[in-house]
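Only the coordinates and a few stated rules stand behind these numbers; no lab work does. These figures come from a predicted structure and were not determined experimentally. No Cβ is skipped: glycine too gets one built from the backbone with ideal geometry, and neighbour counts run over all protein chains shown.
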There are 2 protein chains.
Amino acid sequence: MADRESKYTAVAGGQRLYAVPPASFVRLQSDGPNPMARIVQKFGGTSVADVDRIKNVALRVKREVDAGHEVAVVVSAMAGTTNQLVDWSRAISRLHDAREYDAVVASGEQVTAGLLAMALQDLGVNARSWLGWQIPLRTDGVHGKARIEGIDTGLMLERIASGQVPVIAGFQGLGPDNRITTLGRGGSDTSAVALAAALKADRCDIFTDVDGVYTTDPRIVAKARKLDKITYEEMLEMASQGAKVLQTRSVEMAMKHGVRVQVLSSFVDLPGTLVVDEEEIVEQEIVSGIAYSRDEAKITLVRVADRPGVAAAIFGPLADASVNVDMIVQNVSEDGKTTDLTFTVTKADLDRAVKVLEDNRGQLGYEDLKSDADVVKISVIGVGMRSHAGVAQKMFKALAEKGINIMVISTSEIKVSVLVAEDYTELALRSLHSAYGLDAA
Amino acid sequence: MADRESKYTAVAGGQRLYAVPPASFVRLQSDGPNPMARIVQKFGGTSVADVDRIKNVALRVKREVDAGHEVAVVVSAMAGTTNQLVDWSRAISRLHDAREYDAVVASGEQVTAGLLAMALQDLGVNARSWLGWQIPLRTDGVHGKARIEGIDTGLMLERIASGQVPVIAGFQGLGPDNRITTLGRGGSDTSAVALAAALKADRCDIFTDVDGVYTTDPRIVAKARKLDKITYEEMLEMASQGAKVLQTRSVEMAMKHGVRVQVLSSFVDLPGTLVVDEEEIVEQEIVSGIAYSRDEAKITLVRVADRPGVAAAIFGPLADASVNVDMIVQNVSEDGKTTDLTFTVTKADLDRAVKVLEDNRGQLGYEDLKSDADVVKISVIGVGMRSHAGVAQKMFKALAEKGINIMVISTSEIKVSVLVAEDYTELALRSLHSAYGLDAA
């Protein structure tokens with residue numbers, strides 16, 4: 001455990017804010033009777049969409065309190081509220097000030113926190129709402145997508161020790177300018193994980209409208225299975241590759257601070273999926289899940305000069321225009337002078353990317369520019385790949401058997417991604433799900 | 001001016017927070033060209049009811065800025081928002097915690113402040129929103145109806161001096177427990193006047209959905225006239241006696257700190273009514289206005305014992321039951337042993353008052369209890385009464401000529417109120433309006 005303890009993050013002033021759970025809590029992982037635990041529960045927008053659902057959430061919180069656990073709750077805005085506030089901001093001014101935007105949109109979580117605290121009190125649970133500035137949960141000054149810098153947990157821990165349940169407005173913090181900051185869309189997940197780390201919680205339960213993490217999208221693959229456990233690395237790849245269950249940043253933070261995260265539904269009463277360290281998973285599948293993203297577009301530059309510096313000449317202007325490039329493939333030159341270069345961007349960036357490349361055509365000297373937005377990226381993910389060969393080969397074979405042409409391939413240590421025509425999305429997912437033995441019995 | 005200067009209110013730490021405008025600003029009262037002034041503008045809920053109205057408010061603010069004035073703005077929640085938040089709170093818990101209620105309802109003003117700051121920026125006006133805790137505007141800890149204790153204006157004055165327009169969320173402050181407090185319904189008027197006092201503003205413009213203070217309700221008396229000026233004392237009586245233009249507490253605060261208040265409409269472009277010190281009004285009418293309140297009910301205790309201590313025995317239990325008694329009349333005893341006692345309470349308190357009196361009947365020993373909710377209180381108001389006799393007599397004569405029976409009379413230094421049957425409301429108002437020469441030409 002010495003190694004885990006060393007993950008403490010020191011901050012200015014010597015205060016230790018984020019930490020892995022102390023060793024004394026680790027026995028919770030056993031299947032024995034549950035000792036007292038400290039749990040952070042986070043409820044998303046659909047879970048608190050109206051007064052009745054807020055009351056239902058209060059019952060869920062009360063159950064953990066009654067079981068003798070210490071509970072802190074993080075809430076999102078009531079479903080629809082944030083969109084309304086964003087719409088108003090846009091209607092007022094297309095180029096609205098990010099500081100004012102933050103003050104406006106953070107009000108949604110404020111309302112939910114107050115209402116849930118009331119609902120808990122109504123059930124006889126000692127509860128109190130906390131806004132970002134009251135904790136304070138300190139962030140940097142990047143309004144609209146601030147990063148958490150530290151959480152003062154002193155007073156909150158005192159209150160928790162005295163039996164009070166803090167109900168924390170998610171998504172918001174306090175910037176260095178004494179103004180409200182927000183953490184960006186889905187930021188309440190990040191609030192919850194950061195708080196769980198700071199409070200040294202045994203678990204962070206993320207309640208949402210799905211009941212866990214699946215091997216793939218169950219709306220497409222009927223035989224998709226809910227996973228009991230998944231590693232941080234896999235969850236991170238799943239989130240980055242299109243699965244929308246958890247926000248990428250919150251998974252990164254959980255991994256960094258060793259926070260055990262459970263994804264579960266607030267509408268059914270079943271265990272969800274635990275996102276944990278690799279060590280916690282005894283029998284690791286080679287492939288844990290298959291993600292897909294339709295938010296891709298492909299650009300090919302035909303017969304671009306094959307000489308040093310060309311890649312920089314192409315991708316420099318795109319980076320300047322804030323276009324993120326994902327997969328890149330450069331063909332072997334046939335004539336020794338020119339080559340074809342293919343890469344992917346998000347669908348939203350496609351028009352901008354094409355314009356930048358056309359504006360620079362004279363300098364880049366390509367013969368033709370082809371773009372295709374009807375593509376999908378399919379990714380096979382699993383930490384077991386590290387120790388097992390043949391995972392990529394199995395993928396290529398399964399797709400070839402269905403006549404699916406692979407346009408681009410990219411790999412990482414625990415992931416193989418391919419780009420194929422969008423029409424094949426469902427066929428490809430089902431074929432791969434079977435090929436890797438993931439189908440439910 | 002030495003006398004006015006002495007009205008400075010000292011607070012802990014020796015900071016002077018509330019003050020009458022310094023002498024250098026007083027010349028503004030002249031009709032000459034306007035020098036630079038410092039103005040607090042307050043916009044109510046209907047003035048900021050939607051995005052278009054908020055943009056319209058931004059234009060109004062900009063006009064004052066363009067004229068070279070220093071402007072601070074106070075806003076209410078968008079019309080309907082506060083009711084929605086109150087409804088949610090009630091649906092969650094009938095006995096909701098006042099601290100959580102404050103956190104929930106204060107979010108309405110937060111949204112408007114942010115949106116108006118955006119709208120001003122969109123017009124090129126340097127603006128920044130301020131929430132109660134950011135100023136901070138400090139209050140006592142009475143959640144739901146907190147009293148303002150002090151306003152830290154240091155940073156705000158720096159920003160104003162640098163050309164920035166602060167947009168302040170009204171109705172809210174920061175309590176001693178580091179939690180959001182609210183000032184009670186209509187509290188944004190109080191926020192605005194307190195801020196005008198603290199900032200030593202030359203004027204506090206209260207924008208609402210009426211264009212000023214009228215001699216009486218223009219919906220009833222077609223010949224009602226808008227007043228150019230009215231004294232604090234008269235405005236206070238008008239507000240207490242049923243006119244709903246300004247909240248009583250805000251008028252008290254304006255009077256206490258010598259803040260010149262203008263009531264005007266955000267929908268028309270006309271000067272409103274100035275609420276000012278008596279000295280500012282050169283030609284004072286004897287009667288300035290006629291108010292009425294239908295929110296009255298009359299109770300008569302028939303043949304109650306006429307001996308010392310009876311009044312205390314009656315009104316003590318009512319006070320204990322939080323029933324406010326307004327007008328009281330005790331008839332001269334006919335038999336030397338018993339008397340009739342008549343008094344008024346609000347309609348909302350009537351049932352409770354009757355129950356208290358019936359529960360105590362044995363002790364009070366009255367013969368009969370009569371109650372009547374179909375009554376109206378009509379009040380003639382004017383500081384000129386102090387130096388003119390015959391005001392009350394003119395009222396009684398005018399009502400008698402129309403055959404209107406007076407049930408109860410009460411008077412103060414600048415007011416005569418009578419209770420009459422509710423059916424006579426309109427007739428009484430029109431008759432008195434003419435009798436005192438208030439009719440528009």
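Taking 0.36 nm per residue of separation and subtracting the current Cα-Cα distance, fully stretching the chain between residue B:426 and residue B:351 would add 24.3 nm. Among residues of chain A, the one whose beta-carbon sits closest to the A-to-B rotation axis is listed with its distance in Å as A:107, 2. In µm²/s, what is D for the protein assembly as shown at 10 °C and 1.306 mPa s, where D = kT/(6 pi eta Rh) by Stokes-Einstein and Rh is the Kirkwood radius from Cα pairs? Translational diffusion coefficient: 49 µm²/s. The relative contact order of chain B, computed from alpha carbon pairs under 8 Å that lie at least 6 residues apart in sequence, is 13 percent.
For chain B, a crude dipole built from +1 on the beta carbon of Lys and Arg and -1 on the beta carbon of Asp and Glu, taken about the Cα centre, is about 580 debye to the nearest 20. Taking B:201, B:392, B:192 as the candidate residues, the one with maximal mean-square fluctuation in a Gaussian network model of chain B, Cα springs under 10 Å, is B:392.
Angle of helix B:350-359 to the longest C-alpha principal axis of chain B, folded into 0 to 90 degrees and rounded to 10: 40°. Could you estimate the translational diffusion coefficient of region A:37-209 from the Stokes-Einstein equation, with Rh from the Kirkwood formula over C-alpha pairs, at 37 °C and 0.692 mPa s, in whole µm²/s? This corresponds to a translational diffusion coefficient of 208 µm²/s. Residue A:401 to residue A:95: FRET efficiency via 1/(1 + (r/R0)^6), r the Cβ-Cβ distance, R0 51 Å, to the nearest 0.05? Computed FRET efficiency for residue A:401 and residue A:95 comes out at 0.45. Can you compute the FRET efficiency between residue A:87 and residue A:52 using 1/(1 + (r/R0)^6), with r the Cβ-Cβ distance and R0 = 25 Å? Round to the nearest 0.05. FRET efficiency, residue A:87 to residue A:52: 0.50. Among beta bridges from DSSP that stay inside the protein assembly as shown, the antiparallel ones total about 65%. Legend: residue pairs B:394/B:415; B:55/B:229; B:200/B:256, Cα-Cα distance threshold 24 Å; pairs beyond threshold, B:55/B:229. Here's the list of aspartates and glutamates a cross-link from residue B:223 could span, going by alpha-carbon distance under 12 Å and ignoring same-chain residues fewer than 8 apart: B:439.
As a proxy for reagent exposure, ranking A:253, B:235 by other Cβ atoms within 10 Å from fewest up yields A:253, B:235.
Using the empirical formula 2.2 N^0.38 Å as the baseline, the Cα radius of gyration of region B:246-311 reaches a ratio of 1.85.
Comparing A:250, A:129, A:410 in a Gaussian network model of chain A (Cα springs below 10 Å), the most mobile by mean-square fluctuation is A:410.
Straight-line cross-link reach from residue A:377 at under 18 Å between alpha-carbon atoms covers these aspartates and glutamates, not counting any fewer than eight positions away in the same chain: A:217, A:234, A:237, A:295, A:296, A:326, A:349, A:413, A:422, A:423, A:426. Across the copies of the chain, residue B:388 has label points (7 Å from Cα along Cα→Cβ) spaced 9.9 nm apart, shortest distance listed first. Taking every Cα-Cα distance in region B:290-435 and sorting them into 5 Å bins starting at zero, the pair-distance distribution P(r) comes out as 2, 9, 19, 19, 17, 14, 11, 7, 2, 0 percent. Counting only DSSP beta bridges with both residues in chain A, the antiparallel share comes to about 60 percent.
What's the longest bit of chain A with no exposed trypsin sites (Lys or Arg not before Pro), using DSSP loop states and at most 10 other Cβ atoms within 10 Å as the test? Free of exposed loop sites, the longest segment is A:95-218. If you take the alpha carbon atoms of chain A and fit the smallest convex hull around them, that volume is 176 Å³ per residue. Between residue A:441 and residue A:335, the FRET efficiency estimated from the beta carbon spacing at R0 = 51 angstrom works out to 0.40. Axis angle, to the nearest 10 degrees, between helix A:391-401 and the longest C-alpha principal axis of chain A: 60 degrees.
Between the Cα long axis of helix A:310-320 and the first principal axis of chain A there is an angle of about 40°, rounded to the nearest 10. From least to most packed, judged by other beta carbons within 10 angstrom and beginning with the fewest, A:140, B:211, A:269, B:189 follow the order A:269, A:140, B:211, B:189. Relative to the other identical copies, residue B:67 shows label-point distances of 6.5 nm, where the label point lies 7 Å from Cα along the Cβ direction and values run shortest first. Here the protein assembly as shown is treated with +1 on each Lys and Arg Cβ and -1 on each Asp and Glu Cβ, and its dipole about the Cα centre works out to around 480 debye.
Hey, in the GNM for chain A with a 10 angstrom Cα cutoff, which one of A:184, A:173, A:45 fluctuates hardest? Maximum fluctuation in the GNM of chain A, among the listed residues, is at A:184.
Across the identical copies, the 7 Å label point of residue A:284, projected outward along Cα→Cβ, sits 8.9 nm from its counterparts, in ascending order. In chain B, the calculated helix contribution to ellipticity at 222 nm averages -9500 deg cm²/dmol per residue, counting -39,500 (n - 2.57) for every DSSP H run with n ≥ 4. Net length available on complete extension from residue A:434 to residue A:244 is 66.2 nm, with 0.36 nm assigned per residue and the Cα-Cα distance removed.
Between region A:226-265 and region A:127-148, the C-alpha centres lie 22 angstrom from each other.
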